[in-house]
Amino acid sequence: MQSVDKTFQLTRADKDLLSKQEYDVQAWCILLNDKVPFRMQWPQYADLQVNGVPVRAINRPGSQLLGANGRDDGPVITPCTRDGINKISLSGCDARVFCLGVRIVKRRTVQQILNLIPKESDGEQFEDALARVRRCVGGGTAVENADSDSDLEVVADSIPVNLRCPMSGSRMKVAGRFKPCAHMGCFDLEVFVEMNQRSRKWQCPTCLKNYSLENIIIDPYFNRITSKMRNCGEDVTEIEVKPDGCWRAKAESDRRDLGQWHFPDGTLCVPMDEVKPKSEVLKQVKQEGVSEGHASLKLGIKKNRNRLWEVSKPESKWVLRGSLV
Ligand SMILES: [Zn+2]
Ligand SMILES: [Zn+2]
């Protein structure tokens, strides 16, 4: 059994602030060196009192440990406070070391939080976003295939990328991401911020890493695409992306407009057969792995020493051919 008794002071200025509806006094508690960053955690069997008034600190049973995906909250204690000196006491049956505090918090609306997220051009350079896409799609190797003993190779020009938000299932309107994530997966910015009100965590839905609000940016590469798609049908949710970052909407029936290849910056790629004489086009096609002047993907399938077919891992064997746009 551990317990702590402390006092804190609320000044006249604090009280003026607290008279505004969006301000409150909050008690918070974290486990020191918590493996999960950016979350509150209260001790087992936490018993919190403010000026002798019991305050419920946790919603889980006192005996239940907080799982990796669990989040405790910081209870609002404004109604139990008074001008001047206030008493706070916490006891619990937990041998670990916690840190307890009291703070004045301001409630933010979803719109206010969205306003804190930097504009597309301020969050990340477009070139950095494009480099990430090229890394993810192309596997990061811009060298010729050294595996000359391949018996057979299957050439794929592009990979499909889904533009559905993993939270809402609908096509993203504004593509958001956590800046440190190395993967391409994004989420719908507004849906994500709205859902945080209940989940109380800034957790990447793709890799499940925990971050803080300050890490959220708009993905300049995918946001250009989702912006261009704003007026197209809800059913168009997939694009194909080449290793050089060129993309087109995956719409089987419609090869006009967004169904045509676009450069990473969103401008249309001019088809080769419109700018080159026919004979040159044929030569172009014969060159292994080169199409439409884009770098292409190569999926390696070959026989191993036991003469069994094996498919090499895409991330290690995708090879860029041709010149990068
Ligand atoms: Zn992630
Ligand atoms: Zn291209």
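The values are calculated or read from the model by the stated rules, or taken from the named source; none is laboratory data. Quantities reported herein were computed from a predicted structural model and do not represent experimental measurements. Here the Cβ positions follow ideal geometry from the backbone for every residue, glycine too, while neighbour counts run over all protein chains shown.
Residues that are modelled with pLDDT under 95 and not in a strand (DSSP E or B) within segment 1-11 comprise just one, Met1.
A residue that is touching a Leu at 6+ places or on another chain (Cβ under 7 Å), outside any helix (DSSP H, G or I) and modelled with pLDDT under 55 can be found somewhere in segment 292-306. Looking only at segment 188-209, residues that are within 13 Å of Arg177 (Cβ to Cβ) and acidic (Asp, Glu) come to 1 in all. Listed here are the strands (runs of 3 or more DSSP E) enclosed by segment 39-122 that have at least 1 residues being loosely packed, with under 11 Cβ neighbours inside 10 Å, touching a residue at least 40 places away in the same chain (Cβ under 8 Å) and of a type in the set (Lys, Arg): 98-106. Are there any pairs, at least 6 apart or on different chains, whose C-beta atoms fall under 8 Å, with the first in segment 183-203 and of a type in the set (S, T, N, Q) and the second within 11 Å of ligand 1 (Cβ to nearest atom) and not in a strand (DSSP E or B), and if so, which? Sorted first by the residue in segment 183-203, then by its partner, the pairs are Gln203/Lys209.
Residues in segment 239-272 that are among the β-branched types (Val, Ile, Thr) and at pLDDT 90 or above were compared, and the one that is nearest to Phe187 (Cα to Cα) is Ile239. Taking first residues from segment 222-237 that are more than 9 Å from Leu258 (Cβ to Cβ) and partners that are surrounded by fewer than 16 Cβ atoms within 10 Å (Cβ to Cβ), the Cβ contacts under 9 Å between residues at least 6 apart in sequence or on separate chains come to Arg224/Asp265; Arg224/Gly266; Ser227/Gly266; Glu234/Ser170; Thr237/Asn162; Thr237/Arg164; Thr237/Ser170.
Condition test on Val236, is it out of contact with any Phe, Trp or Tyr (no Cβ under 8 Å at 6 or more places or on another chain), away from ligand 2 (no atom under 16 Å from the Cβ) and at pLDDT 95 or above? Give the derivation first.
On the way: out of contact with any Phe, Trp or Tyr (no Cβ under 8 Å at 6 or more places or on another chain): yes; away from ligand 2 (no atom under 16 Å from the Cβ): yes; at pLDDT 95 or above: no.
Answer is no for this residue.
Of the strands (runs of 3 or more DSSP E) that lie entirely inside segment 207-249, those containing 2 or more residues that are at negative phi, of a type outside the set (A, V, I, L, M) and in contact with a strand residue (DSSP E or B) (Cβ under 7 Å, 6 or more places away or on another chain) span 238-241, 247-249.
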